[in-house]
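Structure record follows, encoded as structure tokens.
The values are calculated or read from the model by the stated rules, or taken from the named source; none is laboratory data. Keep in mind the model is a prediction, meaning the values are calculated, not measured. When we count neighbours, we look across all protein chains shown, and the Cβ atoms used for this are built from the backbone with ideal geometry, even at glycine. Heads up: the accessible areas ignore ligands, DNA and RNA and are worked out on the full protein's heavy atoms, side chains in. Shrake-Rupley method; radii C 1.70, N 1.55, O 1.52, S 1.80 Å.
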Amino acid sequence: NPLRVIIRVRVMDIPSEPEARVRCLGNSFCQQILGRQMNHDSKAECHDAEHCLPNFDSKHDVKAWFLYDFNVTRSFDKEEVTRIPHKVYLATRQSDSWIFTSRDMWVESAKKSCATYTWGG
């Protein structure tokens, strides 16, 4: 089933080069929360997509939003995207482990903020 995930995280917590943060965080989320590998093959019948939002590659210790679309099988218009389940998480790092804390109270505002991003990248 299609799923849009929005994650809030301190960018310096992501253990990768700045330009690789989106993929690194997405892979960690997929493995830990969805129990599978992230499928980056956009030609596959069902794949996952990542979006590069502002500040993802910041050289400063700031918090940023990261946006992912999971189980992409076709395109959706903006109205259809609003009906796709959305989940929002706060990601924090403890030692070498991620803690993804669900933030249901952020869903509606995050949904509105991310509505301009095309489903599936």
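A compact table of results
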quantity: Test result for P54, modelled with pLDDT under 95, under 20 Å from S113 (Cβ atoms) and loosely packed, with under 14 Cβ neighbours inside 10 Å; calculated: yes
quantity: Which listed residue, of W119, W98, W106, is in contact with a helix residue (DSSP H, G or I) (Cβ under 9 Å, 6 or more places away or on another chain), in contact (Cβ under 8 Å) with a residue 60 or more places away in the chain, surrounded by 13 or more Cβ atoms within 10 Å (Cβ to Cβ) and outside any strand (DSSP E or B); calculated: W119
quantity: Count - residues of the range 63-92 that are open to solvent by 30 Å² or more (accessible area, probe 1.4 Å), assigned to a strand (DSSP E or B) and touching a Cys at 6+ places or on another chain (Cβ under 9 Å); calculated: 2
quantity: Close pairs (7 angstrom Cβ cut-off, 6 or more residues apart or separate chains): open to solvent by 70 Å² or more (accessible area, probe 1.4 Å) in the range 11-38, among the charged types (D, E, K, R) and assigned to a loop (DSSP other than H, G, I, E, B) anywhere; calculated: M12/D61; E19/D57
